[in-house]
Amino acid sequence: MNWTERQVNIKSAAEIAIMREAGRINAQTLAAVKAAIAPGVTTGELNEVAEAHQRKMGVYSPFKNYGDGFVKPYPASICTSINEELVHGIPGKRKLQEGDIISVDCGTVYQGYVGDSAFTVGVGEISAQAQKLIDVTQKALEIAIELMVPGNRAGDVGSAIEAYVESNGFFCTHTYTGHGVGRQMHEAPHDFTNYGVKGQGMLLREGMTIAVEPMVLVGTRETRVLRDQWTVIAKDRSLTAHQEHTIAITKDRPYVLTEL
Ligand code: MG
Ligand code: MG
(Lines give C-alpha, C1' and ligand atoms only; values in the text may rest on other atoms or scores of the structure.)
(Ligands and ions follow the chains in the order given, each with its own letter.)
Protein backbone atom coordinates (compact mmCIF):
# COMPACT_ATOMS: atom_id res chain seq x y z
CA MET A 1 0.00 0.00 0.00
CA ASN A 2 1.66 3.24 -1.18
CA TRP A 3 -0.90 5.67 0.22
CA THR A 4 -2.54 6.60 3.50
CA GLU A 5 -6.18 7.37 4.27
CA ARG A 6 -5.23 11.01 4.92
CA GLN A 7 -4.35 11.29 1.21
CA VAL A 8 -7.87 10.38 0.10
CA ASN A 9 -9.42 13.57 -1.24
CA ILE A 10 -12.92 14.26 0.03
CA LYS A 11 -14.88 16.15 -2.63
CA SER A 12 -17.39 18.91 -2.02
CA ALA A 13 -20.84 18.80 -3.61
CA ALA A 14 -19.60 21.35 -6.16
CA GLU A 15 -16.66 19.15 -7.12
CA ILE A 16 -18.93 16.12 -7.41
CA ALA A 17 -21.23 18.11 -9.72
CA ILE A 18 -18.28 18.82 -12.03
CA MET A 19 -17.24 15.18 -11.89
CA ARG A 20 -20.80 14.21 -12.84
CA GLU A 21 -20.42 16.31 -16.00
CA ALA A 22 -17.05 14.72 -16.73
CA GLY A 23 -18.69 11.34 -16.26
CA ARG A 24 -21.70 12.20 -18.44
CA ILE A 25 -19.47 13.32 -21.31
CA ASN A 26 -17.40 10.17 -20.80
CA ALA A 27 -20.58 8.08 -21.07
CA GLN A 28 -21.52 9.84 -24.30
CA THR A 29 -18.07 9.11 -25.72
CA LEU A 30 -18.36 5.45 -24.74
CA ALA A 31 -21.86 5.29 -26.28
CA ALA A 32 -20.47 6.63 -29.56
CA VAL A 33 -17.72 4.02 -29.50
CA LYS A 34 -20.19 1.24 -28.64
CA ALA A 35 -22.37 2.23 -31.59
CA ALA A 36 -19.36 1.91 -33.92
CA ILE A 37 -18.40 -1.61 -32.78
CA ALA A 38 -18.95 -4.12 -35.61
CA PRO A 39 -17.04 -6.85 -37.44
CA GLY A 40 -14.36 -5.32 -39.68
CA VAL A 41 -13.95 -2.10 -37.70
CA THR A 42 -10.44 -1.52 -36.37
CA THR A 43 -9.68 -0.57 -32.80
CA GLY A 44 -7.84 2.48 -34.17
CA GLU A 45 -11.10 3.60 -35.78
CA LEU A 46 -12.83 3.26 -32.39
CA ASN A 47 -10.16 5.52 -30.90
CA GLU A 48 -10.87 8.06 -33.65
CA VAL A 49 -14.59 7.95 -32.81
CA ALA A 50 -13.77 8.69 -29.17
CA GLU A 51 -11.36 11.51 -30.00
CA ALA A 52 -13.83 13.12 -32.42
CA HIS A 53 -16.47 13.21 -29.67
CA GLN A 54 -13.99 14.52 -27.12
CA ARG A 55 -12.92 17.32 -29.49
CA LYS A 56 -16.56 18.24 -30.10
CA MET A 57 -17.18 18.46 -26.34
CA GLY A 58 -13.96 20.37 -25.66
CA VAL A 59 -12.56 17.67 -23.39
CA TYR A 60 -9.57 15.34 -23.58
CA SER A 61 -8.54 11.92 -22.40
CA PRO A 62 -6.23 11.51 -19.40
CA PHE A 63 -5.03 8.26 -21.03
CA LYS A 64 -3.16 10.01 -23.83
CA ASN A 65 0.56 10.18 -22.97
CA TYR A 66 -0.13 8.67 -19.54
CA GLY A 67 2.97 7.09 -18.06
CA ASP A 68 5.11 6.73 -15.00
CA GLY A 69 8.45 7.36 -16.69
CA PHE A 70 9.26 3.64 -16.77
CA VAL A 71 7.02 2.60 -19.64
CA LYS A 72 6.48 4.38 -22.95
CA PRO A 73 3.68 6.95 -22.67
CA TYR A 74 0.25 5.49 -23.49
CA PRO A 75 -0.39 6.46 -27.13
CA ALA A 76 -4.20 6.59 -27.40
CA SER A 77 -7.34 8.10 -25.83
CA ILE A 78 -9.11 4.81 -25.06
CA CYS A 79 -8.07 1.26 -24.22
CA THR A 80 -9.44 -1.52 -26.45
CA SER A 81 -8.90 -4.99 -25.00
CA ILE A 82 -10.05 -7.99 -27.05
CA ASN A 83 -10.78 -11.50 -25.77
CA GLU A 84 -7.81 -12.62 -23.61
CA GLU A 85 -6.71 -8.98 -23.27
CA LEU A 86 -7.91 -7.89 -19.82
CA VAL A 87 -7.09 -4.16 -19.81
CA HIS A 88 -4.86 -1.52 -21.43
CA GLY A 89 -5.02 -2.87 -25.00
CA ILE A 90 -3.72 -0.22 -27.42
CA PRO A 91 -5.97 0.73 -30.36
CA GLY A 92 -4.45 0.07 -33.78
CA LYS A 93 -4.90 -1.80 -37.04
CA ARG A 94 -6.55 -4.90 -35.55
CA LYS A 95 -9.99 -5.56 -37.02
CA LEU A 96 -12.83 -6.75 -34.82
CA GLN A 97 -14.18 -10.16 -35.77
CA GLU A 98 -17.60 -11.71 -35.27
CA GLY A 99 -17.49 -13.56 -31.93
CA ASP A 100 -14.86 -11.33 -30.30
CA ILE A 101 -15.57 -9.59 -27.02
CA ILE A 102 -14.07 -6.14 -26.53
CA SER A 103 -13.59 -3.98 -23.48
CA VAL A 104 -13.45 -0.24 -24.08
CA ASP A 105 -12.07 1.91 -21.28
CA CYS A 106 -12.31 5.67 -21.56
CA GLY A 107 -11.45 8.68 -19.44
CA THR A 108 -12.47 12.32 -19.69
CA VAL A 109 -10.96 15.45 -18.22
CA TYR A 110 -13.56 18.22 -17.84
CA GLN A 111 -12.86 21.44 -15.94
CA GLY A 112 -9.87 19.75 -14.33
CA TYR A 113 -11.75 16.67 -13.06
CA VAL A 114 -11.76 13.13 -14.38
CA GLY A 115 -14.43 10.56 -15.22
CA ASP A 116 -13.29 6.96 -15.80
CA SER A 117 -15.47 4.11 -17.08
CA ALA A 118 -15.34 0.93 -19.14
CA PHE A 119 -17.68 -1.64 -20.68
CA THR A 120 -17.34 -5.02 -22.38
CA VAL A 121 -19.58 -6.10 -25.28
CA GLY A 122 -19.70 -8.82 -27.88
CA VAL A 123 -19.01 -8.26 -31.57
CA GLY A 124 -21.95 -9.82 -33.41
CA GLU A 125 -22.85 -13.32 -32.21
CA ILE A 126 -20.76 -14.52 -29.26
CA SER A 127 -20.49 -17.82 -27.41
CA ALA A 128 -22.70 -18.61 -24.42
CA GLN A 129 -19.61 -18.60 -22.19
CA ALA A 130 -18.54 -15.17 -23.44
CA GLN A 131 -22.03 -13.81 -22.76
CA LYS A 132 -22.02 -15.31 -19.26
CA LEU A 133 -18.62 -13.72 -18.59
CA ILE A 134 -19.89 -10.29 -19.65
CA ASP A 135 -23.09 -10.69 -17.59
CA VAL A 136 -21.21 -11.83 -14.47
CA THR A 137 -18.76 -8.92 -14.75
CA GLN A 138 -21.62 -6.44 -15.16
CA LYS A 139 -23.51 -7.93 -12.21
CA ALA A 140 -20.34 -7.88 -10.07
CA LEU A 141 -20.08 -4.14 -10.70
CA GLU A 142 -23.74 -3.63 -9.80
CA ILE A 143 -23.26 -5.58 -6.55
CA ALA A 144 -20.21 -3.47 -5.75
CA ILE A 145 -21.97 -0.16 -6.47
CA GLU A 146 -24.77 -0.99 -3.99
CA LEU A 147 -22.12 -1.35 -1.28
CA MET A 148 -20.49 2.04 -1.96
CA VAL A 149 -22.10 3.74 1.04
CA PRO A 150 -20.66 5.50 4.10
CA GLY A 151 -19.73 3.09 6.87
CA ASN A 152 -18.89 0.15 4.64
CA ARG A 153 -15.25 -0.80 4.15
CA ALA A 154 -13.28 -1.47 0.99
CA GLY A 155 -13.08 -5.13 1.99
CA ASP A 156 -16.88 -5.37 2.04
CA VAL A 157 -16.93 -4.32 -1.61
CA GLY A 158 -13.95 -6.35 -2.81
CA SER A 159 -15.01 -9.53 -1.05
CA ALA A 160 -18.53 -9.25 -2.50
CA ILE A 161 -17.14 -8.82 -6.03
CA GLU A 162 -14.84 -11.82 -5.74
CA ALA A 163 -17.42 -14.04 -4.02
CA TYR A 164 -19.93 -13.40 -6.81
CA VAL A 165 -17.35 -13.91 -9.57
CA GLU A 166 -15.99 -17.13 -8.04
CA SER A 167 -19.50 -18.48 -7.41
CA ASN A 168 -19.85 -18.34 -11.20
CA GLY A 169 -16.60 -20.24 -11.75
CA PHE A 170 -14.53 -17.23 -12.86
CA PHE A 171 -11.56 -15.37 -11.38
CA CYS A 172 -10.75 -11.78 -10.33
CA THR A 173 -7.30 -10.38 -10.99
CA HIS A 174 -5.40 -9.55 -7.81
CA THR A 175 -2.85 -7.50 -9.76
CA TYR A 176 -5.00 -4.69 -11.17
CA THR A 177 -7.47 -2.67 -9.11
CA GLY A 178 -9.89 0.21 -8.97
CA HIS A 179 -8.69 3.54 -7.58
CA GLY A 180 -9.59 6.99 -6.35
CA VAL A 181 -10.51 9.53 -9.05
CA GLY A 182 -10.56 13.31 -8.92
CA ARG A 183 -8.22 15.92 -10.32
CA GLN A 184 -6.05 12.93 -11.18
CA MET A 185 -7.23 9.80 -12.96
CA HIS A 186 -5.43 7.76 -10.32
CA GLU A 187 -5.35 9.05 -6.76
CA ALA A 188 -5.62 7.51 -3.30
CA PRO A 189 -6.92 4.92 -2.61
CA HIS A 190 -4.61 3.44 -5.26
CA ASP A 191 -5.68 -0.14 -4.65
CA PHE A 192 -9.45 -0.50 -4.52
CA THR A 193 -9.30 -4.25 -5.00
CA ASN A 194 -11.68 -6.80 -6.49
CA TYR A 195 -11.03 -9.02 -3.48
CA GLY A 196 -10.75 -8.45 0.24
CA VAL A 197 -11.96 -9.36 3.68
CA LYS A 198 -15.37 -8.25 4.91
CA GLY A 199 -15.07 -5.62 7.63
CA GLN A 200 -11.48 -4.74 6.72
CA GLY A 201 -9.82 -2.07 4.61
CA MET A 202 -10.49 1.63 4.14
CA LEU A 203 -13.65 3.03 5.69
CA LEU A 204 -15.90 4.53 3.00
CA ARG A 205 -16.81 8.12 3.74
CA GLU A 206 -19.10 10.70 2.19
CA GLY A 207 -17.34 12.67 -0.56
CA MET A 208 -14.98 9.90 -1.70
CA THR A 209 -14.97 9.34 -5.47
CA ILE A 210 -13.74 5.93 -6.56
CA ALA A 211 -13.48 3.99 -9.81
CA VAL A 212 -14.82 0.49 -9.16
CA GLU A 213 -13.75 -1.92 -11.86
CA PRO A 214 -14.22 -5.67 -11.74
CA MET A 215 -11.74 -7.40 -14.09
CA VAL A 216 -12.78 -11.00 -14.59
CA LEU A 217 -11.00 -13.94 -16.22
CA VAL A 218 -12.40 -17.32 -17.26
CA GLY A 219 -9.46 -19.60 -16.52
CA THR A 220 -6.97 -18.02 -14.11
CA ARG A 221 -6.29 -14.90 -12.08
CA GLU A 222 -2.73 -14.73 -13.42
CA THR A 223 -1.85 -12.14 -16.05
CA ARG A 224 1.14 -10.94 -18.02
CA VAL A 225 1.99 -7.79 -19.95
CA LEU A 226 2.75 -7.96 -23.68
CA ARG A 227 5.90 -6.53 -25.23
CA ASP A 228 4.04 -3.32 -26.09
CA GLN A 229 4.46 -2.57 -22.34
CA TRP A 230 0.73 -1.98 -21.84
CA THR A 231 -1.59 -4.78 -22.93
CA VAL A 232 -2.45 -7.06 -19.99
CA ILE A 233 -3.56 -10.56 -20.99
CA ALA A 234 -4.74 -13.65 -19.17
CA LYS A 235 -1.69 -15.86 -18.70
CA ASP A 236 -3.67 -18.84 -20.01
CA ARG A 237 -5.16 -16.70 -22.81
CA SER A 238 -8.68 -17.41 -21.63
CA LEU A 239 -11.45 -14.85 -22.16
CA THR A 240 -11.63 -11.78 -19.92
CA ALA A 241 -14.04 -8.91 -19.27
CA HIS A 242 -13.95 -5.52 -17.53
CA GLN A 243 -16.66 -3.13 -16.34
CA GLU A 244 -16.02 0.19 -14.61
CA HIS A 245 -17.88 3.17 -13.21
CA THR A 246 -16.71 6.15 -11.18
CA ILE A 247 -18.84 6.34 -8.03
CA ALA A 248 -19.31 9.17 -5.54
CA ILE A 249 -20.11 8.07 -2.01
CA THR A 250 -22.92 10.28 -0.75
CA LYS A 251 -25.08 10.21 2.36
CA ASP A 252 -28.16 9.09 0.47
CA ARG A 253 -26.99 6.64 -2.19
CA PRO A 254 -24.10 5.48 -4.31
CA TYR A 255 -23.97 8.11 -7.05
CA VAL A 256 -22.84 6.71 -10.41
CA LEU A 257 -21.03 9.63 -12.05
CA THR A 258 -20.22 7.93 -15.35
CA GLU A 259 -23.64 6.93 -16.69
CA LEU A 260 -25.59 8.83 -19.33
MG1 MG B 1 -10.82 3.08 -16.75
MG1 MG C 1 -9.94 3.06 -13.76
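The values are calculated or read from the model by the stated rules, or taken from the named source; none is laboratory data. As the structure is a computational prediction, the values presented were derived from the model and not from experiment. Here the Cβ is made from the backbone with ideal geometry for all residues, glycine too, and neighbour counts use every protein chain on show. The area values use the complete protein model at the heavy-atom level, side chains included, leaving out ligands, DNA and RNA. Shrake-Rupley method; radii C 1.70, N 1.55, O 1.52, S 1.80 Å.
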(message) Ranking request for peptides 110-120, 219-229: highest mean number of other beta-carbon atoms within 10 Å first, then the rest in descending order.
(response) 110-120, 219-229
(request) Could you give the size of the charge dipole of the chain about its Cα centre, using +1 on the Cβ of each K and R and -1 on the Cβ of each D and E, expressed in debye and rounded to the nearest 20? (result) 400 debye
(request) Report the full-extension gain for the segment Thr175 to Lys34: residue separation times 0.36 nm, less the Cα-Cα distance, to one decimal in nm. (result) 48.1 nm
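Carbon and sulfur together cover what percent of the accessible area of the range 3-256 at a 1.4 Å probe radius? Mind dumping the intermediate values first?
Values: 5310 of 10800 Å².
Roughly 49 percent of what the probe reaches on the range 3-256 is carbon or sulfur.
Work out the P(r) tail for the range 4-90: percent of alpha carbon pairs separated by more than 15 Å, whole number. Show your work: numbers first, answer last.
Numbers: 2525 of 3741 pairs.
Looking at the range 4-90, the distances longer than 15 Å represent 67 percent of pairs.
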(request) Considering the options Phe171, Gly219, Asn152, tell which one lies farthest towards the positive end of the dipole of the chain, charges being +1 on Lys and Arg and -1 on Asp and Glu at the Cβ, about the Cα centre. (result) Asn152
(message) What value in Å³ per residue do you get for the convex hull of the alpha-carbon atoms in the chain?
(response) 114 Å³
(message) Over the range 3-256, with the other protein chains present, what is the accessible area per residue in square angstrom, probe 1.4 angstrom?
(response) 43 Å²
(request) Express the relative contact order of the range 3-256 as a whole percentage, based on alpha carbon pairs under 8 Å and six or more residues apart in sequence. (result) 22 percent
(message) Explain nothing, just compute: Karplus ³J(HN,Hα) = 6.51 cos²θ - 1.76 cosθ + 1.60, θ = phi - 60°, for every residue of the range 109-121 in order, whole Hz, x for Gly and Pro.
(response) 9, 9, 6, x, 10, 10, x, 9, 7, 8, 9, 10, 9
(message) Considering only C-alpha atoms, what is the centroid distance from the range 36-85 to the range 94-122, in Å?
(response) 8 Å
(request) Compute the distance in nm between two label points, each set 7 Å from the Cα along the Cα-to-Cβ direction, one at Thr250 and one at Lys56. (result) 2.8 nm
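Checking understanding here: applying a Kyte-Doolittle mean of at least 0.0 and a length along the axis of at least 18 Å (C-alpha), which whole DSSP H helices in the chain pass?
Span-like helices, by this rule, are 13-36, 128-146, 154-167.
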(message) Taking 27 Å as the cut-off for C-alpha to C-alpha distance, list the pairs among Lys72/Lys132; Lys11/Lys72; Lys64/Lys251; Lys72/Lys198; Lys132/Lys235; Lys64/Lys139 that go past it.
(response) Lys72/Lys132; Lys11/Lys72; Lys64/Lys251; Lys72/Lys198; Lys64/Lys139
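Give the average over all directions of the projected area of the C-alpha convex hull of the range 170-260, one decimal, in nm². Write out the running numbers ahead of the final one.
Values: hull surface 29.6 nm².
That works out to 7.4 nm².
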